[in-house]
1. Check the straight Cα-Cα distances from Lys423 and name the aspartates and glutamates below 18 Å, setting aside those fewer than 8 residues away within the same chain.
2. Could you line up Glu209, Glu90, Glu131, Glu21 from fewest to most neighbouring Cβ atoms inside 10 Å?
3. So which residue, out of Lys188, Lys301, Lys344, gets the largest mean-square fluctuation from a GNM of the chain using Cα contacts under 10 Å as springs?
4. Given the peptides 123-129, 385-391, arrange them by the average over their residues of other C-beta atoms within 10 Å, most packed first.
5. Rounded to whole Å, give me the distance from the Cα center of region 253-284 to that of region 214-252.
6. If you take every DSSP beta bridge whose two residues both sit in the chain, what share of them, in percent to the nearest 5, is antiparallel?
7. Sorted by average packing, counted as other Cβ atoms within 10 angstrom per residue and highest first, what order do 419-426, 105-112 take?
8. Suppose a student asked you for the relative contact order of region 1-47, using Cα pairs under 8 Å spaced at least 6 residues apart; what percent would you report?
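Readers should treat all values here as calculations from the given coordinates under stated rules, not as data from a laboratory. Since this is a predicted model, take the numbers as computed values, not measurements. Ideal geometry is used to build each Cβ from the backbone, glycine not excepted, and the neighbour counts take in all protein chains shown.
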Amino acid sequence: MIRTEVVIAGSGPGGATLAYELAGKGISVVLVEKGAWHKWPLGNITSFGTITRLMLSKQKGSMFYGVTAGGSSVIFDGSAYDPPPWMKTELGIDLSAEVLETRKETGVSSFPEMFSDKWEGTKRLARAAAEMGINLVPQEKFIDFDKCDPECDDCMLGCKSGARWTARTYIEKAVSMGADLRLKTEVKRVIIENGKAKGLFVKGPNGVEEIRADKVVVAAGGFGTPKILMASGLENAGQGFFIDPMTNVMGIGREAGTRNEQTFAYASEDFIESDGFLIGTSGAFLTYMGVLGLGGIRTIKGLLKLPGYNRIMGMFTKISDDTGGRIHPDGRVDKPYSETDEKKFKKGTEVCSDILIRAGADPSSLTVVKNVGGHPGGTSAIGRVVDSDLQVYGVKDLYVCDGSVFPRSPGRPPTLTIISLAKYLSKFI
Ligand SMILES: Cc1cc2nc3c(=O)[nH]c(=O)nc-3n(C[C@H](O)[C@H](O)[C@H](O)COP(=O)(O)OP(=O)(O)OC[C@H]3O[C@@H](n4cnc5c(N)ncnc54)[C@H](O)[C@@H]3O)c2cc1C
């Protein structure tokens, strides 16, 4: 049996940041991660295949997430967005100090204008959007632009140049300050005795073990955390599931498209509050891969588009979907889309199509691909499963610290908020 002050399940942005903050205060921490420290060369399909899991809902929606040291941050696109205003106004969680600290530590900055000089397709899309009164502008990123190659669009395959921040930075710092990192170790359940969390049951290279701790934090992400909580007898976890799904629209024009241009480099927040979606530009490779799909009709239709590859332009719509889904204790996922979700998909897709056509895409070339989500949350919501101190209702010293605590979709990429929440929790845990 192992003993520690704090044990954390999961090493994504939530778990890694918390481990770093607590280790920095001299607190003994064990950080338990199901995945390995994958060392395949990042930035290619092989590494993506090793690290990434694809989950299909009963309704055939697809979702991606990372199972590796650093969690989904190893394959994320690096877009940085401040917390939604309602974190403070409705939940009373003011993260302003933590957001400033995170921005400074991780080096969040905006795409330099010079960086995008060669991006003909993206700039044409931005000009077309401006003619329609839409601000399609360079985004803030967790990227060190001095190390980044403007013609590389591989962020979501894992960054090969080390320009994009990942939560592994915080894991390394935590370990250098004494945290005990246990890789390839799966948390099975929380040990709860007399209404108090006492540790974790884990299965790793040494078999089944108990890690006893004064405080237990579950940070296994929107999919992993509810499974652990449900296996520990907390039946109200797993509901209220959202994923921020996307549609991608591909258009083919007469001029150069978004080949070798970065995905989500330019985006528009104009529709977040009014319509519940975000739109942005998408590189030709990822757009085409989406259209090509995993087989069947989509593959045949996609292959017919190949001759136009250099002239492909891509745009995406990411909606904040309703909290209508659920994760079941056996890991099955239900994720139906509501009428409101479908309206958001429809309007976002229409806006993207109009921009593409105005930027020169042939209307008959437009192809829409629906449904990929990558921001799982809602399954351990604040106000339902945890309180605003992120402590699980009814279980002393059990906390949740990851994307699953959002009570609804934040409507924008969540990583900056998750890191800030971990810093916030570290102050009083
Ligand atoms: C393709 C893609 C692109 C994205 N792009 C962006 C973006 O541009 N900007 C942005 O802000 N966000 C983006 N995201 C979302 C972002 O990556 C996630 O929201 C974020 O990583 C969630 O952090 P987390 O700590 O909640 O969980 P995760 O990152 O999911 O980490 C959870 C960790 O727990 C581990 N785990 C799970 N179950 C167990 C268990 N039983 N025992 C032990 N360990 C376990 C997992 O292996 C994982 O390492 C993207 C996501 C994807 C998939």
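1. Within the straight-line cut-off, Lys423 pairs with Glu5, Glu21, Asp82, Asp94, Glu98, Glu101, Glu105, Glu172, Asp387, Asp389, Asp397, Asp402.
2. In order of increasing Cβ crowding within 10 Å: Glu131, Glu90, Glu209, Glu21.
3. Of Lys188, Lys301, Lys344, the most mobile in the Gaussian network model is Lys301.
4. Highest mean packing first, the order is 123-129, 385-391.
5. 26 Å
6. Working: 51 of 72 bridges.
Of the beta bridges lying entirely in the chain, close to 70 percent run antiparallel.
7. Listed from highest to lowest mean packing, they are 419-426, 105-112.
8. Numbers: 43 pairs, mean separation 17.9, N = 47.
Computed over region 1-47, the figure is 38 percent.
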